[in-house]
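We did not get these values from a lab; they are worked out from the coordinates using the rules stated. Since this is a predicted model, take the numbers as computed values, not measurements. Virtual Cβ from ideal backbone geometry, glycine too; neighbours counted across all protein chains shown.
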Amino acid sequence: MEFKVLGSGSSGNCYLLQNKEETLIIECGLPYKTILKGLNFNLSNVVGCLISHEHKDHSKAANDLIKNGIDVYLSEGTAAGIEFTDINNGYRIHEIKSEKAIKIKNFVVLPFETEHDANEPLGFLIYHKDIGKLLFITDSYYCKYKFSDIDHILIECNYSNKILQEKELPKFLKSRIIKSHFELENVKEFLKATDLTGTKEIVLIHLSDGNSNAVQFQEEIEKATGKPTYIADKGLEIDLEGYK
């Protein structure tokens, strides 16, 4: 199974988990045509789309997906925050709850609460027989859960407090960033508390355009964890077939 990045960051987030039989979309914060192109204009094996929260850089194409026959999975709060326009396709909107596992074809998804300035944001623990367990956390300044036996980690590493404090930004904006996104040192602490014994790689997602340093972040996380670490730049593809 391959992991593909169509976009990551404030300009729009969208990731694909796909093999020859099925594709799961994680986030749809890009224009529909961009997502369609990333799918090679083939929707036939798309089994659904997970949406972490209602902000446009994560949900922009939600209406277009359901209009084109793709089911979306999101919390009740997130659904309330998105202006769905096609009532005829309302059956494609599936409200999910924290700590209640669901099955999407051959993917088993366990949603869990995250901490962000949104209605009811979620992270996802995703299992598939081809890859084992994949952890997805974005737009969260803290995670109260501890995880073990995780094969693949996709985690936000949005900013460095040192870089942020050096920037001339309005106080309210700095405060908003601190209270809604994962900071480099906090990511390190989270990973330190996570059993990484079987983890094959870590992918850092949703880096801030102005308050991050991709090279530094990659090096520091790799040094702290001893695991191969990647930055989720547009176009990144990783083969996740290594699971046994």
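Listing for the model above:
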| read-out | value |
| --- | --- |
| Listed residues 61, 80, 214, most fluctuating in the chain (Gaussian network, C-alpha, under 10 Å) | 80 |
| Environment charge of residue 3, counting only residues whose C-beta is closer than 10 Å and scoring Lys/Arg +1, Asp/Glu -1 | -3 |
| Cβ-derived FRET efficiency at R0 35 Å, residue 11 paired with residue 197, nearest 0.05 | 0.50 |
| Label-point separation, residue 101 to residue 236 (7 Å along Cα→Cβ), nm | 2.8 nm |
| The chain: proportion of alpha-carbon pairs further apart than 21 angstrom, % | 55 percent |
| Amide H within-cut-off set for residue 201, under 5 Å, with H built and near neighbours excluded | 153 |
| Residue 142-residue 76 FRET efficiency (beta carbon distance; Förster radius 25 Å; 0.05 resolution) | 0.70 |
| Difference of contour (0.36 nm per residue) and Cα-Cα distance, residue 161 to residue 33 | 42.5 nm |
| Residue-by-residue Karplus 3J(HN,Hα) for the stretch 99-105, coefficients 6.51, -1.76, 1.60, Hz, glycine and proline x | 6, 10, 5, 10, 10, 10, 6 |
| Efficiency of FRET from Cβ geometry, residue 44 and residue 130, R₀ 22 Å, rounded to 0.05 | 0.70 |
